[in-house]
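Structure, as structure tokens:
The numbers here are math on the coordinates, done by the rules we state, and not lab data. Predicted, not measured: the structure shown is a model, and the values here were computed from it. Here Cβ is always computed from backbone atoms with ideal geometry, including for glycine, and neighbour counts include all displayed protein chains.
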Amino acid sequence: PNTPIKVAVSGAAGQIAYALLFRLAQGDVFGPETPIDLRLLDLPQALPALKGVTMELDDCAFPLLTAIRTTDDPRVAFDDIDAAFLVGSRPRSKGMERRDLLAANAAIFKTQGAALDAVAKRSVKVLVVGNPANTNAWVAIQSAPNLPEGAITSMIRLDHNRAAAQLARKAGVSVDAIDHLAVWGNHSPTMFTDWSHASVSGERLAARIGDDGWYRDTLIPEVARRGTAVLEARGASSAASAANAAIDHMRDWVQGSDGRWVSMGIPATGEYGIPAGLVCGVPAVCRDGRYAPVNSLDLDVFTRAGLAASVQELIGERDAALSIVST
Ligand code: NAX
């Protein structure tokens, strides 16, 4: 039998994890041949609820699930792991300032980055889902100087998938038919959905849809506000779709994207006026367990302006987190 892959999930007692863990244990990321050893991390007060989740995982009798360990200690959770989904973060409480929220999360991701640096496999693949996801990933990277560049990424795939679904519906094609779609920037309302390179079966998607006004005035704001719309309708934030996006992100990173573009939050290389190192959503292609950003695209004025606004917001978040990282 194959050696089990060791996978940590933080925020494991939360609602996204509740949609994520069962699919992971079923083989949706690492494939039907790879046994999986789960390390579930949450805060001490969540451990009783987490016990219930592990009971349910047991009760599924997943053939691939070889072990489950629960802990409130990141060093225990991340010991020798191959992959991590960092879903847990500090939510905004009533009256909390944005600055305080950033600082609280910077402290969490500083600790978790240092723990990854100390004990994870050097080949570890980390996906940060907990918000502010881009900046949390940036903080973790600063705290993990001994991990190879590119080990830690953030999730913008939910936004990518949301855009793909809307575009496919508008064009009357299946989602699979769409390629070269990109979501740039921060996972926040400033994110920028870019259809300027998108194609459908070799044809330009924009030409197929033929409605630039719809793209600018409906699609872009609707993708940006989709999280709020789900929250209002469901009375709870996106969970199953967020877990699905996390699965898509990690699966494509591990197994390859088959030449297709996916959007990932990755440390910028200096392209497109994004300051090097800033964790920013960009289009990428995954192959052989690695991702490569799609570089040297010609961006039109509208796209450049949208991206620049989101980058400005990311710089502000990074600067607010900086004091925590450096103390
Ligand atoms: P829940 O509140 O249901 O669960 C969060 C869990 O994290 C809780 O069990 C909590 O105890 C735990 N936790 C908090 N601090 C922790 C720490 N320091 N170490 C370990 N565990 C910790 O939230 P849920 O709906 O699951 O959402 C989780 C995060 O995903 C939130 O930050 C949310 O904003 C973010 N999202 C990010 C998305 C993205 O596209 N990047 C989309 C979905 C989602 O909004």
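Can you return the lysines within cross-link range of residue 170? Criterion is Cα-Cα under 21 Å, with same-chain partners fewer than 8 residues away left out. Reachable lysines: none. Directionally averaged projected area (the range 52-103, Cα convex hull): 5.7 nm². Under the simplified labelling scheme, the residue 207-residue 2 pair shows an inter-label distance of 4.2 nm, with each label point 7 Å from Cα along Cα→Cβ.
Straight-line cross-link reach from residue 125 at under 21 Å between alpha-carbon atoms covers these lysines, not counting any fewer than eight positions away in the same chain: 6, 110.
Taking amide hydrogens as placed 1.01 Å from N in the peptide plane, the amide H of residue 39 sits under 5 Å from those of 7, 8, 9, 69, each at least 5 positions away in sequence or on another chain.
Label-to-label distance for residue 59 and residue 97 is 4.6 nm, based on points extended 7 Å past Cα in the beta-carbon direction. Note on the range 157-317: percent of Cα-Cα distances in each 5 Å bin, starting at 0 and stopping at the bin with the largest distance, equals 2, 9, 18, 23, 22, 17, 8, 2, 0. Each label was represented as a point 7 Å from its Cα along the Cα-to-Cβ direction; for residue 327 and residue 173 these points are 5.2 nm apart. Both radii were evaluated on the Cα set of the range 1-103; the Rg over Rh quotient, with Rh as the Kirkwood radius, amounts to 1.03.
Give me the Å³ per residue figure for the convex hull around the C-alpha atoms of the chain.
Taking only Cα atoms, the chain has a hull volume of 139 Å³ per residue.
Couplings 3J(HN,Hα) for the range 175-192, derived from phi with the Karplus relation 6.51 cos²θ - 1.76 cosθ + 1.60 (θ = phi - 60°), are 4, 4, 6, 8, 9, 6, 8, 9, 10, 9, x, 8, 7, 6, x, 7, 3, 10 Hz, where x marks Gly and Pro.
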